[in-house]
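Values quoted throughout were computed directly from the atomic coordinates according to the rules given, and no laboratory measurement underlies them. Here the structure is a predicted model, which means the values were calculated and not measured. Counting neighbours? That spans all protein chains shown, and the Cβs are built from the backbone with ideal geometry, glycine included.
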Amino acid sequence: MSSPLRYAAFAAAGLIFGGALSSACSASDSGGGSGGGSGSGATGGAGSGGGGSGGTAGIDAGGTGGGLDLDGSLNDGNINPDAACDLQTYQATVTKQPVDVIFVLDNSCSMSTEMIAIQDNINLNFAQIIASSGIDYRVIMIGEHGPATGDQSICIGPPLGGKPCTGVTANTPPSNNPPVFYHYDHDDIESWDAWCKMADWYKAPDRYNLAPGGWSEWLRKEAMKTFVLVSDDRMDCYWPQATTYYSSCSTPASKCYDDGTSTTYAAAAVQAAQYFDADLLALDPLQFGTAQNRNYVWHSLVGVPKNGASATGEYQPTDALVPYSTKCSTAVNSGPGSQALSMLTGGLRYPVCEGVGFDVVFKKIAEGVIKGAKIQCDFPMPAPPPGKDLDPKTIQIQYTPSAGGSPEKFEQVADASQCKPNAFYIQPGADGGDAGTDLLVLCDDTCKKVQGDNSANIEILALCKSGGPI
């Protein structure tokens, strides 16, 4: 079955059928490699990415019979009085689209306190909040596994992680807890190279071979991607490289990021964020979206001071870039490149120093995932009554706003190229169009309209082919 098209913001939400549905210093690591030499700018095309395909909601064949009196016509003219079944009505209900939350962790030697703060808060003040909302979530941790004290690595225990972390030692494999928690440990992430390593490792096996295809194999195409970087430094690296300590970028370009100095950060940070954004989108458009319709958001826990204008200390995407040298107490700098990426993708920025207030930060990010949930804009073709075939030309989608008023009918158009307001199209399935494999896809303007009203009533109306199954 073809992959559903996805539309999302911070997080996303979906349509499934109800009623008629069943359903800056280096970290120590004895397992690391040797340091690299001086770097140079790197250019070149990005590779294609992969990932597991997501499921689509199933539908029972429970249409309801009845007369049809909408406006007297469908897209192909008047209703056929010889149709093989009465009007079939399928009720659609709103559910939340899955979200994959990817933590990218700086394992440099200044980060022990922050690692402990993450361990102390990720279960109670993050995962449990999202789980209680009913959202289908998954957490992927990218960084070194092990004890936080002295080794600046991290271990996540139950209920999110698979096993207790008592007595955990360095250079030992993490304990994953499918399908909700996965830890990818390829090597240390240093204070300056998080972007490069997460991209370089996207399809590379971790050192324990828990993810032979890279951390990409744990992503879900149907899920919104929410990244959370935790670091007290800036970005300065290029990729690909095959060393533990990634060398600096000499000439900013694709795959080469330098977010500047105290005098150059204002332009350099924006440029670096734009390069990384383009590289990430090119790495796997099915997972991360396009520049016009991103399927990810980037939050930054970096060296910014607390925002005094906010009760919880965060910076909104519309707030100005915090200057390079305006930083919280233990940070190296404000992390301008990551800041710029958050601003570009609609993410938030929080102070990282010493893990202070991480309970509030994690709650805020979790609440943002929930609040940002929007309706998904494609759903499966409903099943016909037993022994019948639905006539695709007769399918309509009827939308009634939650505030009440007259129902609106969305017009069926031939395909995405014919899209216009209040319209949808049928995307054929891989088998050529048998019921249950095709998708009904709302056009962009229609999608935005529906996403603005999570409590709207949506119905799918159809008649059967007069000749029955072929």
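Would you please put 255-263, 347-355 in order of how densely packed they are, using the mean number of other Cβ atoms within 10 angstrom per residue and starting with the highest?
347-355, 255-263
Let me see the pair-distance distribution of the range 316-360: every alpha carbon pair, 10 Å bin width, integer percents in order.
Going from the shortest bin to the longest, the percentages are 28, 52, 20.
Using 0.36 nm times the number of residues separating D453 and N171, minus their current alpha carbon distance, what extension gain do you get?
96.6 nm
Given a Förster radius of 51 Å and the C-beta distance between S248 and S406 as r, what FRET efficiency does 1/(1 + (r/R0)^6) yield to the nearest 0.05?
In this case the efficiency is close to 0.25.
What are the ³J(HN,Hα) values, in whole Hz, obtained from phi via the Karplus relation 6.51 cos²θ - 1.76 cosθ + 1.60 with θ = phi - 60°, for each residue of the range 449-466 in sequence order, with x given for Gly and Pro?
Calculated HN-Hα couplings, in order: 5, 6, 4, x, 9, 5, 9, 5, 9, 10, 10, 10, 10, 7, 10, 8, 5, 5 Hz.
Using modelled amide H (1.01 Å from N, peptide plane; none on Pro or chain starts), what sits under 5 Å from the amide H of Y184, excluding residues fewer than 5 places away?
Counting only residues 5 or more places away or on other chains, the set is M141, I142, G143.
How high is the relative contact order of the range 181-248, given as a whole-number percent (alpha carbon pairs under 8 Å, six or more residues apart)?
Across the range 181-248, relative contact order equals 36 percent.
Under 5 Å between amide H atoms, partner at least 5 residues away or on a different chain: which partners does S248 have, H built in plane at 1.01 Å?
For S248, whose amide H was placed from the backbone, the distant partners under 5 Å are G39.
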